[in-house]
């Protein structure tokens, strides 16, 4: 892994888990807005680090634990996990004893996919992510709802460093077809599972609501995958600060609370959905 940080080490800690196909620096636009009050840590998964070999989800977690230990960090104020970063964040929350006060999942990837299907998905995902490097970001519009030049460097750098073997090994132990991990009632009360109403990951909301009955499940009406975070990092950071300070969302005109249920389709569509949740309409 590679770790980027911003802010004063003496401040409370925010730990970011990034989405698929980008580096940890993709969280920097939000982290920079919070750096005055918080120490923000942005690890990049080994999958997207040049010359590194992905071993396992457990190894990724242990690398984060070592970093925290080496920097004397014994408590985390907030975890922010975006898209597939939710999978690693959940493993961190359930396997590590470091206290965490608040959690925010932005369009979390909570798919439960069989091993054979995950294996089939690898070449589709690999080509999609490498194409962003080969095309210098020109293919972003094909796999995202937006074509923002500000986020292209994170995709290009990740695609440059990605190897087929690392991606294959990552999907071997990610998004497994097994029950969701247990979270304490207390932590659930301080955890937000947020989805945009028009993103494909909205389909996971019903399942996590049924599992984590004490949690918070806001819907950003009319928003696509990670749209608020990408288009308005300042507003997104203010929202996170409000959650830290009050355990509630601020007053947001687009924040709704309702139930919904959608189903998934085949392996090819799952592969596209993981990288670009707006592509598939079910």
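The values are calculated or read from the model by the stated rules, or taken from the named source; none is laboratory data. Just so it is clear, the structure is predicted and the values come from calculations on it, not from any experiment. Neighbour counts run over all protein chains shown; Cβ positions are idealised from the backbone, glycine included.
Tell me, please, whether a residue that is at pLDDT below 95, outside any helix (DSSP H, G or I) and surrounded by fewer than 19 Cβ atoms within 10 Å (Cβ to Cβ) can be found in segment 268-279.
Within segment 268-279, one or more residues are at pLDDT below 95, outside any helix (DSSP H, G or I) and surrounded by fewer than 19 Cβ atoms within 10 Å (Cβ to Cβ).
Quick one: in segment 19-33, of everything that is crowded, with 23+ Cβ neighbours inside 10 Å and in contact with a strand residue (DSSP E or B) (Cβ under 6 Å, 6 or more places away or on another chain), which residue is farthest from residue 110 (Cα to Cα)?
If we take residues in segment 19-33 being crowded, with 23+ Cβ neighbours inside 10 Å and in contact with a strand residue (DSSP E or B) (Cβ under 6 Å, 6 or more places away or on another chain), then 31 is farthest from residue 110 (Cα to Cα).
Of all residues in segment 175-196, which are at pLDDT below 95 and under 24 Å from residue 227 (Cβ atoms)?
Hit for segment 175-196 is 175, nothing else.
Take the residues in segment 133-178 that are over 19 Å from the mean Cα position of the chain (by Cα), without any contact (Cβ under 8 Å) to a residue 40 or more places away in the chain and not in a loop (DSSP other than H, G, I, E, B); name whichever of them is farthest from residue 196 (Cα to Cα).
Within segment 133-178, the match that is farthest from residue 196 (Cα to Cα) is 134.
Can you tell me which residue is farthest from residue 158 (Cα to Cα) among those in segment 1-34 that are part of a strand (DSSP E or B) and over 18 Å from the mean Cα position of the chain (by Cα)?
Filtering segment 1-34 for residues that are part of a strand (DSSP E or B) and over 18 Å from the mean Cα position of the chain (by Cα), the one farthest from residue 158 (Cα to Cα) comes out as 12.
Suppose we keep only residues that are part of a loop (DSSP other than H, G, I, E, B) and in contact (Cβ under 8 Å) with a residue 24 or more places away in the chain within segment 237-256. Which one would you say is nearest to residue 39 (Cα to Cα)?
Checking each candidate, the answer is 247.
Report, ordered by the first and then the second residue, all pairs with beta carbons closer than 6 Å, sequence separation of six or more or different chains, a first member in segment 189-217 that is in a helix (DSSP H, G or I), and a second member that is surrounded by fewer than 16 Cβ atoms within 10 Å (Cβ to Cβ) and modelled with pLDDT of 95 or more.
As it stands, the answer is 189/214, since those pairs meet every condition given.
For segment 1-12, does any single residue satisfy the condition of being in contact (Cβ under 8 Å) with a residue 60 or more places away in the chain and surrounded by 23 or more Cβ atoms within 10 Å (Cβ to Cβ)?
No, segment 1-12 contains no residue that is in contact (Cβ under 8 Å) with a residue 60 or more places away in the chain and surrounded by 23 or more Cβ atoms within 10 Å (Cβ to Cβ).
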